[in-house]
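Asker: Input: one structure, supplied below.
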Amino acid sequence: MCYYDNKEIIFEVTYKNTKLQSLNLMETIHNKTLIHEKIAPGTSGNFDIVLKSRQDMDYEIQFESQNEKTSNLLFYVSKEGKRYSSLEELSAELTGNILKNEEKTISIYWEWNYEGSDEKDQKDTIEGKTLREYQFLIYVQGH
C-alpha cells in the first residue's frame, strides 16, 4: 500500500514487492519561494517519506527521474548534511532497518539556489525558462 497525503508519501513496507509512487516537485514547493507557478532558481521545498511495517525488516528507498532536471537542483536529508546533485545519488543514504509496528519518517529537502558565478547564473536562466516541473518515481523495498 502506498499513498500521498499533504507532502507525505506513506509506504507500507513488506517483503513481497516494491512499492511505487510518482511525485512532482511542484507538489512539494515552499509557497514563499514559488516563482511564476514553477520551480526556478531560488525555490526550495521538501517532502516526507513515511515507512510503516508489520514486521522487522531492512528497507531501501530508490528514485527514478521521469524527466530532465536542472543541473543546480540539490537534494539532502539534513540541513547540515551532504548535498546530492540527483535523487538517485541520494538513494545510497536511504537504507536502514524498521521495526515491527514502527513508523519512520524520512524528510527529503531540495533547493535550487542562486549561483554566484556568471556561468552558473546563465545556466540557471536558460534552465529556468525551460523547466516547469521535475517528476520522479519513488520505490520502497523491504528485505
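Asker: Kindly evaluate Asn101 against the criterion of being modelled with pLDDT of 90 or more and in a loop (DSSP other than H, G, I, E, B).
Answerer: yes
Asker: Condition first: under 14 Å from the mean Cα position of the chain (by Cα) and over 11 Å from Glu111 (Cβ atoms). Now tell me which residues in the stretch 34-59 satisfy that.
Answerer: Phe47, Asp48, Ile49, Val50
The values are calculated or read from the model by the stated rules, or taken from the named source; none is laboratory data. Everything numeric here is computed off the predicted structure, so don't read it as measured data. All Cβ positions, even for glycine, are placed from backbone atoms using ideal geometry, and neighbour counts span all protein chains on display.
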